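What follows is a set of notes on a single structure, which appears directly below.
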Amino acid sequence: MMSFMKSNQQSSDNGQFKWGNLFIIVLIAIVLLIVLFNSFTVVNEGFIGVKYQFGKIVRSDLTAGLNFHIPFIEEIQQVDIREQIYSVQADAYTSDTQTVDTLMLKLNYYYDGSRLPEIIRTIGIANVETKLLVPNVAKISKDEIGKVKAEDLVQNRSTVQNAIYNSLKETLAPQGIVVTAFAIENLSFDDAFEQSIQAKVIAAQDALKMQNKTAEKEEEAKQQVIAAQAQADSQKIQADAEAYAIEAVQKQLKESPDYIDYLKVTRWDGVLPQAIGTEVNPFIVLDGEGSGN
């Protein structure tokens with residue numbers, strides 16, 4: 001009886017040992033799976049991976065795809081390096097103290113991948129807009145607009161845009177921000193000024209039309225002069241030709257008196273004259289008579 005009880009107790013202990021070992025194995029497997037799954041991070045297209053080790057940046061060039069890191073020691077964060085757009089509505093003053101209302105400004109930019117660690121350390125990706133874009137876009141835009149008159153701003157907006165673009169590009173490049181485009185999308189002045197600008201533009205267009213008409217009239221007159229001159233030249237050439245012909249005939253007659261008889265023969269059309277002779281009573285030839293006698 002005692003041996004049977006000992007045998008059952010040993011079997012129970014062996015069973016508990018086996019289940020305990022199995023539990024430990026399963027637990028270790030789960031931990032390994034958790035560690036394994038936490039050892040990789042997927043970096044999406046259009047992003048770059050930044051690897052931290054205990055909060056310190058150790059890499060900032062992880063490309064799209066599956067990237068390894070040591071669990072609980074390292075972590076990977078994604079930064080959007082695609083072109084982004086920052087837009088803001090502001091107001092400004094021109095050099096002739098005209099107020100520009102509802103000035104809509106739009107900036108296109110992206111992060112310089114080689115400067116990402118510096119941006120993260122000194123500014124922080126989340127603070128780029130508030131610490132870099134907001135103050136610089138507003139200040140530079142107002143400064144450049146303040147250099148021109150309102151009328152010039154309306155008529156030469158692209159020139160002012162290029163000046164702002166170049167200044168922003170030069171200012172933000174050292175901060176790791178690459179500026180790709182800048183646009184002034186809306187300009188609005190008070191009604192009185194806009195009406196005066198419109199009236200001036202209309203007047204300029206009317207003046208241009210008058211200039212075009214004047215130029216057209218001048219061109220027509222010029223063409224008439226050219227045509228008259230061409231006709232006069234043609235007549236002169238014809239007169240010179242006729243004079244030359246007369247001179248040639250006279251010269252030929254002078255050198256050869258028989259030349260006039262030659263001309264009569266070559267130019268005779270074969271028709272007999274109606275009157276023959278030079279006397280007072282010339283002989284008249286009638287058609288159909290005198291041929292039989």
Selected residue [more than 21 Å from residue 172 (Cβ to Cβ) and open to solvent by less than 30 Å² (accessible area, probe 1.4 Å)] from 153, 116: 153
Those residues of the range 177-223 which are within 19 Å of residue 93 (Cα to Cα), modelled with pLDDT of 70 or more and open to solvent by 80 Å² or more (accessible area, probe 1.4 Å) amount to 185
What are the residues in the range 102-147 that are farther than 22 Å from residue 79 by Cβ and basic (Lys, Arg), if any? 106, 139, 142, 147
Considering (1) open to solvent by 40 Å² or more (accessible area, probe 1.4 Å); (2) in contact with a Leu (Cβ under 9 Å, 6 or more places away or on another chain), say which one residue 132 fails and leave the rest. (1)
Give 128, 88 a once-over and let me know the one that is assigned to a strand (DSSP E or B), under 26 Å from residue 168 (Cβ atoms) and in contact with a helix residue (DSSP H, G or I) (Cβ under 8 Å, 6 or more places away or on another chain). 88
Exactly one condition in (1) touching a His at 6+ places or on another chain (Cβ under 8 Å); (2) closer than 30 Å to residue 135 by Cα; (3) charged (D, E, K, R) is not met by residue 75; state its number. (2)
Could you please find all residues in the range 35-80 being among the β-branched types (Val, Ile, Thr) and open to solvent by less than 60 Å² (accessible area, probe 1.4 Å)? 35, 41, 43, 48, 50, 57, 76, 79
All positions within the range 48-80 that are small (Gly, Ala, Ser) and part of a strand (DSSP E or B): 49, 60, 65
Residue 94 vs (1) within 30 Å of residue 189 (Cβ to Cβ); (2) open to solvent by 30 Å² or more (accessible area, probe 1.4 Å): all pass except (2)
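The values are calculated or read from the model by the stated rules, or taken from the named source; none is laboratory data. Keep in mind it's a predicted model, so treat the numbers as computed, not measured. We place every Cβ from the backbone using ideal geometry, glycine too, and count neighbours over all the protein chains shown. Quick note on the areas: whole protein, heavy atoms, side chains included, nothing else; ligands and nucleic acids left out. Shrake-Rupley method; radii C 1.70, N 1.55, O 1.52, S 1.80 Å.
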